[in-house]
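Asks: One structure coming up, written as structure tokens, with questions to follow.
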Amino acid sequence: MGRKVIIGQLEHETNTFNTCPTELVNFANRLYFTGEDILLSMSNRQLSTTGFIDVAKEYGWDVIPSVAAAANPGGKVSKEAWDILAGGILDAVRNTSDLDGICLGLHGAMVTEDHDDAEGALISQIREIVGPDVPIAVTLDLHGNISDEMCQQTNIVVSYKTYPHVDMRQCGRRAARLLEEAMSGKIKPRCTIVRRPLLVGANNGRTTEGQMVDLLACAEEMMQEPGVLDISINAGFTMADTPYIGPSVTVTGDGKSPRYVEIGEELMDRIWQLRDEFSMKPIPAEDAINFAKNRQYDGKPLVISDYSDNPGSGAYGDATNLLKAMIDANLEDAAFGAFCDKELASDLCSEGVGKYVTCVLGGKNGSAIGGGALAVSGLVVSTGDGKYIGDAPMSTGNLGPCAVLRVEGIDILIISFRQQVVDLQMFTSNGINLLEKKTIVVKSKQHFRAAFDPVASEVIFSESFGLASQDVTARVYRKVRRPIYPLDK
Ligand SMILES: [Zn+2]
């Protein structure tokens, strides 16, 4: 028999300013497997759990699959969902004797109704059961707000090193290989974390441009030093009002060495120095639409990111400021999406293709943030079940029942399951030919780029003051540690 290793995944990026709780059904809609189904369903995906499975096969581990669950970003995870999902992982830990190791795919910015630091709470409970000697390896999203507690209780921490996150499976493999070395006694890994009084920084984790490119190159070099097993640069997630908010560097090293702290300090110093450097410079909605309207069409679409209503940052996905600007400007040959409104999607599906309808978009989450209720009239040009096979590395997916409403020259994709745009197929599978559009507006901040950059003439960012606006002074933080930049100068 090989080494006995529990694998599991529990991921959620929690926007604590979003008032809609994240329930079990939100996990079920995105990813939720238990027991052997994890091995059956996740052996060929691009997720960290798949990386764990790859390495388990390589070393002939006796794998105990526990729970694998992920939900789209949103409000705090409900107590009920947490009890079932975290409870499933804890049960596996409790019920396994002679356990050799644990591999978990976590996010790092998960908040529940009861825990501001959900990952820290989960790992601490696991540690309490298994004692100090069983190595624990975790992968994290580079947007995690990572706590001291989590780092103290975890031996191996490997965060994604790409955004868009296209290296999740590789990071899973990396963490699992280090776990194998730890279980075999070759290394004694432990994790060190360093941060600054910073609420936001590291260019929000964009790895395609700016400071992260240099930071990652530097970290890669430092990883060649003796004993250094992994260096992860975490940009943090600003939409979570918790004490551990903000950028951090974690260093997983073999044994203890002051050098691991030095490495963290060196990298965090650079992040601190560049704290005001952000490559994304959003322009007002009206300016973005004016630019679209007056642009010389070169055969390729202009892509506008409605970044502040990005469901990928836990925004509602139903802000209307930018859409209103498009309608007011009589923009032609345009697509807009994905607008999330379950009831409306269902109504339009019942109305059916070919019906001319008048309806209200937005303003249904008890807030007009980013633009509230907007009355429109248009033609239903497509309806569907929302299931699609993506052509980008990030996705296959399910939008839930959905419809396309054509308002003047704008095709609006209306979906049921709130999510950011990551793939052209989200539109094209619903009959919107993006390559014929002159302007495409996406509710996504960065993940759309893997799929959209290759077809876009240009990508610009628009500020419509949705829930996920990068203007941190627009939100009231109560739990963050103080002083912290830029709230305190
Ligand atoms: Zn992320």
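Asks: Ignoring everything except DSSP H segments at least 4 long, calculate the 222 nm mean residue ellipticity for the chain; use -39,500 (n - 2.57) per segment, divide by total residues, nearest 500.
Replies: When only DSSP H runs of four or more count, the value is -8500 deg cm²/dmol.
Asks: Ranking THR162, THR50, THR192, THR22 by Cβ neighbours within 10 Å, fewest first, what do you get? Provide the component values of the computation, followed by the final result.
Replies: Numbers: THR162 17, THR50 20, THR192 23, THR22 27.
The most exposed by this proxy come first: THR162, THR50, THR192, THR22.
Asks: Evaluate E = 1/(1 + (r/R0)^6) for ASN290 and GLU23, where r is the Cβ-Cβ distance and R0 equals 51 Å; express this FRET efficiency to the nearest 0.05. The partial results should precede the final answer.
Replies: Working: r = 41 Å, r/R0 = 0.80.
With a Förster radius of 51 Å, E is 0.80.
Asks: For region 258-274, just list the computed ³J(HN,Hα) in residue order, Karplus coefficients 6.51, -1.76 and 1.60, θ = phi - 60°, integers in Hz, with x standing in for Gly and Pro.
Replies: The phi angles translate into x, 4, 5, 5, 4, 4, x, 5, 4, 5, 5, 4, 5, 5, 5, 4, 9 Hz.
Asks: 7 Å from Cα along Cα→Cβ at both LYS479 and GLU80: what's the point-to-point distance in nm?
Replies: 2.1 nm
Asks: What shape does region 283-469 have by the C-alpha gyration tensor, where a ≥ b ≥ c are the square roots of the eigenvalues, rounded means a/c under 1.5, and otherwise prolate means a/b greater than b/c and oblate the rest? Mind showing how you got there, number by number?
Replies: Values: a/c = 1.22, a/b = 1.12, b/c = 1.09.
Verdict is rounded for region 283-469.
Asks: Something else now. Count the lysine pairs in region 4-273 whose Cα atoms lie under 18 Å apart, taking only pairs 8 or more positions apart in sequence or on different chains. Numbers along the way, then the final one.
Replies: Numbers: LYS4/LYS57; LYS4/LYS186; LYS186/LYS256; LYS188/LYS256.
So the count works out to 4.
Asks: Between LYS188 and LYS342, how high is the FRET efficiency from 1/(1 + (r/R0)^6) when r is the Cβ-Cβ distance and R₀ = 45 Å? Nearest 0.05.
Replies: On the way: r = 50 Å, r/R0 = 1.12.
Efficiency at R0 = 45 Å is approximately 0.35.
Asks: Ok, one more. At a 10 angstrom cut-off on C-beta neighbours, averaged per residue, how do the peptides 83-95, 215-227 rank from highest to lowest?
Replies: Numbers: 83-95: 17.8, 215-227: 14.1.
Going from most to least packed, we get 83-95, 215-227.
Asks: Need one number: % antiparallel among DSSP beta bridges in region 4-273, to the nearest 5. Each step should come with its number before you reach the end.
Replies: Working: 17 of 41 bridges.
Antiparallel: roughly 40 percent of the beta bridges in region 4-273.
Asks: While we're on this one: What is the distance in Å between the Cα centroid of region 284-353 and that of region 87-148?
Replies: Cα centres, region 284-353 to region 87-148: 39 Å.
Asks: Less than 14 Å apart at the alpha-carbon level, and either on another chain or at least 8 residues along: which aspartates and glutamates does that give for LYS355?
Replies: Leaving aside aspartates and glutamates fewer than 8 places away in the same chain, those within reach of LYS355 are ASP347.
Asks: To make sure I understand, if each residue's beta carbon is the centre and we count other beta carbons within 10 Å, what order do CYS151, CYS191 fall in, fewest to most?
Replies: Details: CYS151 22, CYS191 25.
Least crowded to most crowded, the residues run CYS151, CYS191.
Asks: Further, regarding this structure: Quick one: if the Förster radius is 35 Å, what FRET efficiency do ALA375 and SER279 give, using the C-beta to C-beta distance and rounding to 0.05?
Replies: Values: r = 37 Å, r/R0 = 1.05.
Efficiency for this residue pair is about 0.40.
Asks: Mind sorting MET212, MET1, MET110 by how few other Cβ atoms lie within 10 Å of their own Cβ, fewest first? Present the calculation step by step, with values, prior to reporting the outcome.
Replies: Values: MET212 25, MET1 7, MET110 31.
Ranked by crowding around the Cβ, least crowded first: MET1, MET212, MET110.
Asks: Turning to a different aspect of this structure: List the lysines whose Cα sits under 16 Å from the Cα of LYS445, skipping any in the same chain fewer than 8 residues away.
Replies: LYS281
Asks: What does the charge count near CYS340 come to, summing +1 for each Lys or Arg and -1 for each Asp or Glu among other residues with Cβ under 13 Å from its Cβ?
Replies: Result for the local shell: -1.
Asks: List the lysines whose alpha-carbon lies under 21 Å from that of LYS387, not counting same-chain residues fewer than 8 positions away?
Replies: Within the straight-line limit of under 21 Å, LYS387 reaches these lysines: LYS342, LYS443.
Asks: Would you mind putting 471-480, 71-80 in packing order, based on average other-beta-carbon counts within 10 Å, highest first?
Replies: For the peptides 471-480, 71-80, the packing ranking is 71-80, 471-480.
Asks: Can you say what percent of the DSSP beta bridges in the chain, counting only those with both residues inside, are antiparallel? Round to 5.
Replies: Percentage antiparallel, nearest 5: 45.
Asks: Something else now. Among GLN425, LEU216, ALA28, pick out the residue whose Cα is farthest towards the positive end of the charge dipole of the chain, where Lys and Arg carry +1 and Asp and Glu carry -1 on C-beta, about the Cα centre.
Replies: Working it through, the farthest residue towards the positive pole turns out to be LEU216.
Asks: Quick one: net charge of GLY370's neighbours, Cβ under 11 Å, K/R +1, D/E -1?
Replies: Details: positive: LYS324, LYS443; negative: ASP306, ASP309, ASP318, GLU463.
Charge balance in the 11 Å sphere: -2.
Asks: Could you order peptides 101-107, 376-382, 203-209 by the average number of other Cβ atoms within 10 Å of their residues, highest first?
Replies: So the order, starting with the most tightly packed, is 101-107, 203-209, 376-382.
Read-outs throughout are calculated quantities, based only on the coordinates presented, and are distinct from any laboratory measurement. The structure displayed is predicted, hence computed values, not measured ones. Virtual Cβ from ideal backbone geometry, glycine too; neighbours counted across all protein chains shown.
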